[in-house]
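A.B. asks: My questions all concern the structure below.
No lab work stands behind these numbers, since they all come straight from the coordinates. As the structure is a computational prediction, the values presented were derived from the model and not from experiment. Cβ placement follows ideal geometry from the backbone for every residue including glycine, while neighbour counts extend to all protein chains displayed.
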């Protein structure tokens, strides 16, 4: 699922649109430094770490946000375990993002 999300993000960014990803619950635990996950499009492990794939999206202009409550509850050190460019926000911030998106599309 994560790979499809980031590949879709790449396509959307390439088309000139903005991309924001909000990682919630276990999604905030997955992409930490040096974590290796299987690339489900291949039978071999991915040639890039998940964090490298996410970093590419950030470098291309995507916004990547992790839920602060999950980060705190999971004992994740956002300054050490995550990589540059990741934002830590709360669910009300996600609601505001969605509201702003809806207002822009109407």
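A.B. asks: Using mean Cβ contacts within 10 Å as the protection proxy, how do 58-67, 82-91 order, highest first?
C.D. replies: Highest mean packing first, the order is 58-67, 82-91.
A.B. asks: Relative to the present Cα-Cα distance, how much length would full extension add between residue 5 and residue 90 at 0.36 nm per residue of separation?
C.D. replies: So the chain would gain 28.5 nm between residue 5 and residue 90.
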